[in-house]
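Okay, structure first, notes after.
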Amino acid sequence: MKNNQSYLSIFEHLINQKSLSHAYLFNGLDVLFMQDIVHKIIQYFFCTSPQKSKKGSCQQCKNCLSIKDRDFSGIMEINDPKQMIRIDQIRNLTSVADYSDLSQKANFFIINHAELMNENSQNALLKHLESPADNRYFFLLTQNKYLLLPTIVSRCEIVYFQNNLLLNKKLEDPLIMEFVRLLSIKNPLAYIILTTNLKPKIKEQGSEFFLYALLNAYHKIKDTSEKSRQLILLSQNLPQVRLNIDFERLMEMFCLEVLSED
Ligand SMILES: [Zn+2]
């Protein structure tokens with residue numbers, strides 16, 4: 001699946017078949033892109049135009065417009081969190097989901113950067129995913145599903161977003177390329193770049209992005225087969241790397257190890 005139309009048509013089909021699942025986990029590096037897809041899916045769900053089954057949502061009816069303006073009562077969203085998502089934010093988000101079905105209206109819950117939920121937050125969310133009420137739909141958007149509890153992941157249908165152009169462009173990160181170049185000639189500056197410049201990047205973009213960018217950089221720089229192999233091993237351990245901070249530590253250890261080789 002390469003563009004938003006192919007993602008959308010799958011969901012439009014599910015909506016037409018009335019077989020939309022109660023929980024989806026969107027995994028990809030471009031959270032804004034995934035967020036846009038979710039809003040388009042919801043527009044399609046609520047669109048009142050009789051033409052919608054043929055042409056996507058109409059973008060003109062009252063529902064389409066208010067969803068576009070982010071002014072729609074059926075959507076609860078945690079938008080662009082800058083730090084850990086706390087349990088009270090999850091309770092606040094899901095308080096609507098707790099109501100018994102007094103209204104038949106569907107509700108959508110979106111959590112952007114779901115990997116920022118701490119363990120308590122995830123457990124608070126879990127009960128909603130375990131026994132979802134009718135007409136409740138959860139969309140969790142994350143850059144790295146391995147940072148979520150396995151119990152959360154196993155209750156969601158996972159959709160991978162990995163092939164968009166933006167991603168490929170971002171993978172060419174000059175700072176990461178420079179880090180790899182310095183590391184490959186065992187220049188200790190590599191460690192300084194990692195700890196001062198790249199750590200904020202890991203926080204900002206997620207460990208999965210960072211790892212892919214690293215692998216990409218190794219691929220472009222000669223004399224790296226052994227290092228690449230080690231990094232691939234590292235990436236296979238990612239399921240155990242639950243938090244970016246663990247990833248940062250792993251990267252530091254990896255870097256020191258390379259630098260101290262004879
Ligand atoms: Zn419409």
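Of note:
- Qualifying positions in the stretch 109-141 - assigned to a helix (DSSP H, G or I) and of a type in the set (Lys, Arg): Lys127
- Taking first residues from the stretch 182-206 that are surrounded by 14 or more Cβ atoms within 10 Å (Cβ to Cβ) and partners that are at pLDDT below 85 and β-branched (Val, Ile, Thr), the Cβ contacts under 6 Å between residues at least 6 apart in sequence or on separate chains come to Leu183/Val258; Ser184/Ile221; Ser184/Thr224.
- Look at (1) over 19 Å from Ile75 (Cβ atoms); (2) modelled with pLDDT of 90 or more and you find that Lys55 fails only one, number (2).
- Candidates Asn120, Asn112, Asn144, Asn63 - the one that is outside the structural domain of Ala213 (by TED's automatic domain parsing), more than 30 Å from Asn16 (Cβ to Cβ) and at pLDDT 90 or above: Asn120
- Restricted to helices (runs of 4 or more DSSP H) entirely inside the stretch 1-99, those with at least 3 residues that are of a type outside the set (A, V, I, L, M, F, W, C), away from the ligand (no atom under 16 Å from the Cβ) and surrounded by 12 or more Cβ atoms within 10 Å (Cβ to Cβ) are 4-16, 87-98.
- Scanning the stretch 53-72 for residues that are under 23 Å from Val153 (Cβ atoms) and without any contact (Cβ under 8 Å) to a residue 40 or more places away in the chain turns up nothing.
The values are calculated or read from the model by the stated rules, or taken from the named source; none is laboratory data. In this text, all values refer to a predicted model and were calculated from it rather than measured experimentally. Cβ atoms come from the backbone with ideal geometry, glycine included; neighbour counts cover every protein chain shown.
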